[in-house]
């Protein structure tokens, strides 16, 4: 099985209620240099980016500028149509595949459709149907144009046994959806929103990944469908030192990679490259491997080493 890495390279991000703008604008040259260094000799490295429907806005801006030399896009299409009018959604999905399919490795349909927060797609009416129809449309378009891209969706962990997302998705998902689905993604942030003792971190990671597999099965998603970690991070800031961030990155990535065969985990992406505001008081200001001025935290070099050590390329996986 392949195992590939990636990262979100922008400074903009959302918290529970709104979008946080970085205190310094993105610097494409510094971003590109950091991506090259993280990639090292890995034959593939993914650049995570977000494109919103219906506005078409990107974060980071012009993500295609970071593709090339083994880097491809891990592109998320966000469903933000709150009016209930979704007629243009499938056209948007298909147009994205037609125009950008050659530089896309992963096309994620919707962003956290089971998270009911204002900045996330789970708060938008009709998102589950948009997810199912979008996966089918994206795969059909990719096949029609001969693009080698994987189509999937992501979700966050479910801790409420009464949560209805997975059973409802299963009722909407037909045979076409299951044929089209290439991966299912997990966004998770252990020891961030629910603190964990340091000696329980690896066990917590294993429990969440195994639980996610069980939840996906409730929607009829087979255990053989690859799982990807689409977003994982651990912020620094007040009371959260940079040395501990490096330790968390090392332990979580090694734990995830160690579950690759057992749970069909095919990759990991870190969120994100740099802080929105390294002097900010909020938790969400400090997720970066770099500070807001692009100076590096210890975790940057840890992640670079892990990419070099643990990447398993497609050709190597067939040997």
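The values are calculated or read from the model by the stated rules, or taken from the named source; none is laboratory data. In this text, all values refer to a predicted model and were calculated from it rather than measured experimentally. FYI the Cβ positions are ideal-geometry reconstructions off the backbone, even for glycines, and counts take in every protein chain you see.
For the range 232-248, give me each residue that is assigned to a strand (DSSP E or B) and closer than 19 Å to residue 48 by Cβ. Give the derivation first.
Let us first name the residues in the range 232-248 that are assigned to a strand (DSSP E or B), namely 232, 237, 240.
The one that is assigned to a strand (DSSP E or B) and closer than 19 Å to residue 48 by Cβ: 232.
Out of all the residues in the range 106-115, is one or more in a helix (DSSP H, G or I), on the phi < 0 side of the Ramachandran plot and surrounded by fewer than 21 Cβ atoms within 10 Å (Cβ to Cβ)?
There is no residue in the range 106-115 that is in a helix (DSSP H, G or I), on the phi < 0 side of the Ramachandran plot and surrounded by fewer than 21 Cβ atoms within 10 Å (Cβ to Cβ).
Could you grab me the full set of residues in the range 276-319 that are modelled with pLDDT under 95, part of a helix (DSSP H, G or I) and farther than 20 Å from residue 48 by Cα?
Those that are modelled with pLDDT under 95, part of a helix (DSSP H, G or I) and farther than 20 Å from residue 48 by Cα: 283, 315, 316, 317.
So residue 92 clears everything in (1) crowded, with 18+ Cβ neighbours inside 10 Å; (2) farther than 26 Å from residue 35 by Cβ; (3) touching a residue at least 40 places away in the same chain (Cβ under 8 Å) except one condition, right? Which one?
(3)
Just one of (1) at pLDDT below 95; (2) out of contact with any helix residue (DSSP H, G or I) (no Cβ under 9 Å at 6 or more places or on another chain) trips up residue 86, so point out which.
(2)
Is it the case that the range 43-53 has a residue that's within 20 Å of residue 308 (Cβ to Cβ), touching a residue at least 24 places away in the same chain (Cβ under 8 Å) and part of a loop (DSSP other than H, G, I, E, B)? Show your work before the answer.
First pass over the range 43-53, keeping only residues within 20 Å of residue 308 (Cβ to Cβ): 43-48.
Next, from what is left, pick out any that are touching a residue at least 24 places away in the same chain (Cβ under 8 Å): 43-48.
Among the residues that remain, those that are also part of a loop (DSSP other than H, G, I, E, B) are: 43-44.
Yes.
Could you pull out the residue among 150, 144, 138, 155 that is over 24 Å from residue 125 (Cβ atoms) and either touching a residue at least 60 places away in the same chain (Cβ under 8 Å) or in contact with a strand residue (DSSP E or B) (Cβ under 8 Å, 6 or more places away or on another chain) (or both)?
Working: 144 fails: either touching a residue at least 60 places away in the same chain (Cβ under 8 Å) or in contact with a strand residue (DSSP E or B) (Cβ under 8 Å, 6 or more places away or on another chain) (or both); 138 fails: over 24 Å from residue 125 (Cβ atoms); 155 fails: over 24 Å from residue 125 (Cβ atoms).
Only one candidate passes the filter, namely 150.
Kindly check whether there is at least one residue in the range 24-45 that is over 21 Å from residue 253 (Cβ atoms) and under 17 Å from the mean Cα position of the chain (by Cα).
No - not one qualifying residue is present in the range 24-45.
Might you let me know whether the range 61-82 holds any residue that is more than 19 Å from residue 8 (Cβ to Cβ), in contact (Cβ under 8 Å) with a residue 40 or more places away in the chain and over 17 Å from the mean Cα position of the chain (by Cα)?
yes
Taking the stated definitions as given, is residue 221 touching a strand residue (DSSP E or B) at 6+ places or on another chain (Cβ under 8 Å), at pLDDT 95 or above and part of a strand (DSSP E or B)? Spell out the reasoning first.
On the way: touching a strand residue (DSSP E or B) at 6+ places or on another chain (Cβ under 8 Å): yes; at pLDDT 95 or above: yes; part of a strand (DSSP E or B): no.
For residue 221, the condition - touching a strand residue (DSSP E or B) at 6+ places or on another chain (Cβ under 8 Å), at pLDDT 95 or above and part of a strand (DSSP E or B) - is not met.
When the residues of the range 97-120 are narrowed to those that are in contact (Cβ under 8 Å) with a residue 24 or more places away in the chain and out of contact with any helix residue (DSSP H, G or I) (no Cβ under 8 Å at 6 or more places or on another chain), which ends up nearest to residue 219 (Cα to Cα)? Walk me through it before giving the result.
Start the filter on the range 97-120 by keeping residues that are in contact (Cβ under 8 Å) with a residue 24 or more places away in the chain, which leaves 97-98, 100-115, 117-120.
If we keep only those that are out of contact with any helix residue (DSSP H, G or I) (no Cβ under 8 Å at 6 or more places or on another chain) too, we end up with 102, 105-106, 108, 118-120.
Working: 102: 30, 105: 25, 106: 21, 108: 17, 118: 25, 119: 25, 120: 21 Å.
For the range 97-120, the residue satisfying everything is 108.
Just checking, how many residues over the range 15-38 are out of contact with any strand residue (DSSP E or B) (no Cβ under 7 Å at 6 or more places or on another chain) and not in a helix (DSSP H, G or I)? Steps first, answer last, please.
Keep residues of the range 15-38 that are out of contact with any strand residue (DSSP E or B) (no Cβ under 7 Å at 6 or more places or on another chain), which gives 15-19, 21-33, 36-37.
From what's left, not in a helix (DSSP H, G or I): 15-19, 21-27.
Total satisfying the criteria: 12.
Look at residue 195 and say whether it is outside any strand (DSSP E or B) and touching a residue at least 60 places away in the same chain (Cβ under 8 Å). Explain how you work it out, then say what you get.
Working: outside any strand (DSSP E or B): yes; touching a residue at least 60 places away in the same chain (Cβ under 8 Å): no.
When the stated conditions are applied, residue 195 does not pass them.
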